[in-house]
């Protein structure tokens, strides 16, 4: 009965055969519309208020003795990253005539808003990293404030406003 070893080896070979992995469907954005970002101010209590170019942006003295702003970012058609792939990191930068006055990257969960398909990052605290910040307060010269992040579809979403820093 030489057929049993042959049968067993054929059965074993079929179990060890390599099969190509099934086609994995590529990730499809649930929100294929272009993402819309609006820079503003506000927090969970006061709500979101959009900023326009030329508006005043309050600068406060923080608890650690540094000046800071608390901008907010409202996003429509934002695709959350797939759980486990990355955190949503929000970048805030402040520049005046190309000089970086401050910048920070924070990981924070977004706040849900009552508007459909809309979330916000409210009251992100951004301390200035330059000691000359007080010299910029009240100046008519505009300062660029930008908030940006990358969504789950790999789109970089940025909103920038030119504002006056006031105390």
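The values are calculated or read from the model by the stated rules, or taken from the named source; none is laboratory data. Since we're looking at a predicted model, the values are computed, not measured. FYI the Cβ positions are ideal-geometry reconstructions off the backbone, even for glycines, and counts take in every protein chain you see.
Points to keep in mind about this one:
- Looking across region 54-85 at every residue that is surrounded by fewer than 17 Cβ atoms within 10 Å (Cβ to Cβ) and at positive phi, the one that is modelled with the highest pLDDT is identified as 54.
- Region 87-130, subset surrounded by fewer than 16 Cβ atoms within 10 Å (Cβ to Cβ) and within 11 Å of the chain's Cα centre (by Cα), residue modelled with the lowest pLDDT: 87
Here is a yes/no grid of residues against (1) surrounded by 13 or more Cβ atoms within 10 Å (Cβ to Cβ); (2) farther than 30 Å from residue 141 by Cα; (3) at pLDDT 65 or above; (4) more than 25 Å from the chain's Cα centre (by Cα):
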residue: 13; (1), (2), (3), (4): no, yes, no, yes
residue: 21; (1), (2), (3), (4): no, yes, no, yes
residue: 32; (1), (2), (3), (4): no, yes, yes, no
residue: 42; (1), (2), (3), (4): yes, no, yes, no
residue: 47; (1), (2), (3), (4): yes, no, yes, no
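- Taken over region 131-164, the criterion of being under 10 Å from the mean Cα position of the chain (by Cα) and in a strand (DSSP E or B) is satisfied by 147, 148, 149, 150, 156, 157, 158.
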